[in-house]
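Structure, as structure tokens:
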Amino acid sequence: MAQSVGKVAGRVTDANGEPLPGANVVLVGTRQGGTTGVNGEYFILLVTPGAYDVRGSLVGYQGVTRTQVEVLVDRTATVDFQLNESDVALDDIVVTADLDPVQMDVSFAQQALTQDQVEGIPLGPRLRDQVASQVGVDTDAWGIQIRGENSQNISYNVDGVTSSDNRQSRAYSSFSKTAIKQVQILTGGFTAEHGSKRGGVVNFVTKEPRSWFVAADATHNAAGKKHFGPDVYSEENWWDVGRFQNFSPTADTNGDGDPDFIGWSQEWANRSGDDGLGWTGGLSGTDPIRTPEQAKGIWDWQHRSYDGVDPMADGMFNAPAADRDSD
């Protein structure tokens with residue numbers, strides 16, 4: 001599992017730069033915090049990514065609050081405090097924090113999108129459009145590319161859990177923008193915790209659930225056909241039927257650099273092995289498929305129109321004829 005939390009660390013000193021042991025540092029509005037040691041150093045672990053106000057205080061010293069400290073996923077936000085002695089009760093000092101221009105604990109190429117940035121990039125409803133706007137990231141027919149590698153070589157993690165399609169080894173790249181708190185994009189030099197992915201890593205951190213929080217994404221399609229061609233069984237329905245009518249490689253209509261289907265001849269050769277008996281089927285599942293024509297014949301039978309029923313006939317699950325004809 002990849003990390004989906006961050007860390008806050010730093011040092012608390014007095015006006016002369018001497019360490020202040022025993023000082024308290026807290027994330028305002030949370031129950032997380034830490035206490036400085038003999039060297040004035042502290043750290044706060046397992047911090048959910050986001051923006052925080054961090055307050056440092058010690059009895060006899062004027063408290064200081066650093067506002068809008070941005071904690072990034074799997075990174076350390078450095079927040080140092082310098083406290084002045086106080087003989088009487090004074091108001092706390094408020095300091096607006098800036099993200100460190102050079103993060104000393106980062107040894108790889110990374111980019112981070114905060115919630116405000118995700119919502120502010122005007123590039124369409126899909127989150128992957130915002131991700132693709134970053135340096136080194138592009139799009140293809142399936143999703144995004146990082147350094148020229150497609151989604152089969154990109155690791156997508158949601159709250160530390162890998163999200164991918166086990167059938168095609170492609171990551172799920174459609175996420176709700178309203179549910180995302182932060183996005184981290186690693187484009188090179190990342191550590192071995194991400195496995196064998198060569199292209200890059202995208203970490204999504206979702207918002208924490210709240211009793212009053214409601215978010216929804218919706219799309220609407222008018223009544224009509226949800227496929228290409230006159231009916232779902234037509235050869236004009238290219239992706240489900242048409243491309244599988246060819247024994248030789250088809251055209252590359254989606255622009256991914258490969259034929260949409262390699263053709264039954266090559267498919268049979270790939271599956272059958274040197275002896276031509278490696279691809280099996282039939283009722284028993286063990287009968288060898290001996291020719292490309294036999295393989296296509298089996299596919300045609302498996303994808304036949306069930307009992308010849310017209311899929312576009314009027315029925316409770318179909319749109320009215322007028323809507324279908326005008327679609």
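For residue 278, work out the one condition from (1) surrounded by 15 or more Cβ atoms within 10 Å (Cβ to Cβ); (2) touching a helix residue (DSSP H, G or I) at 6+ places or on another chain (Cβ under 6 Å); (3) in a loop (DSSP other than H, G, I, E, B) it doesn't fulfil. Going through the list (1) surrounded by 15 or more Cβ atoms within 10 Å (Cβ to Cβ); (2) touching a helix residue (DSSP H, G or I) at 6+ places or on another chain (Cβ under 6 Å); (3) in a loop (DSSP other than H, G, I, E, B), residue 278 breaks only (1). Taking the criterion of being among the charged types (D, E, K, R) and under 14 Å from residue 248 (Cβ atoms), the residues of the range 262-297 that qualify are 267, 293, 296. The residue that is surrounded by the most Cβ atoms within 10 Å (Cβ to Cβ), among those in the range 123-156 that are under 11 Å from the mean Cα position of the chain (by Cα) and within 18 Å of residue 196 (Cβ to Cβ), is 154. For the range 25-69, name all the residues that are in contact (Cβ under 8 Å) with a residue 24 or more places away in the chain and of a type in the set (Ser, Thr, Tyr). Hits for the range 25-69 are 36, 42, 48, 52, 57, 61, 65, 67. Within the range 19-51, the set of residues being touching a Gly at 6+ places or on another chain (Cβ under 8 Å) and not aliphatic (A, V, I, L, M) comprises 19, 21, 24, 35, 36, 41, 42, 43, 48, 49.
Within the range 114-122, is there a residue that is among the aliphatic types (A, V, I, L, M), outside the structural domain of residue 190 (by TED's automatic domain parsing) and either modelled with pLDDT of 90 or more or in a loop (DSSP other than H, G, I, E, B) (or both)? No. For the structure I just gave you, tell me whether residue 252 is in a loop (DSSP other than H, G, I, E, B), among the charged types (D, E, K, R) and within 32 Å of the chain's Cα centre (by Cα). The answer is yes for residue 252. Count of the range 271-287 residues, restricted to those that are more than 16 Å from residue 302 (Cβ to Cβ) and touching a Phe, Trp or Tyr at 6+ places or on another chain (Cβ under 7 Å), is 1.
The values are calculated or read from the model by the stated rules, or taken from the named source; none is laboratory data. Because the structure is a prediction, the values reported are computed rather than measured. Backbone-built Cβ (ideal geometry, glycine too); neighbour counts: all protein chains shown.
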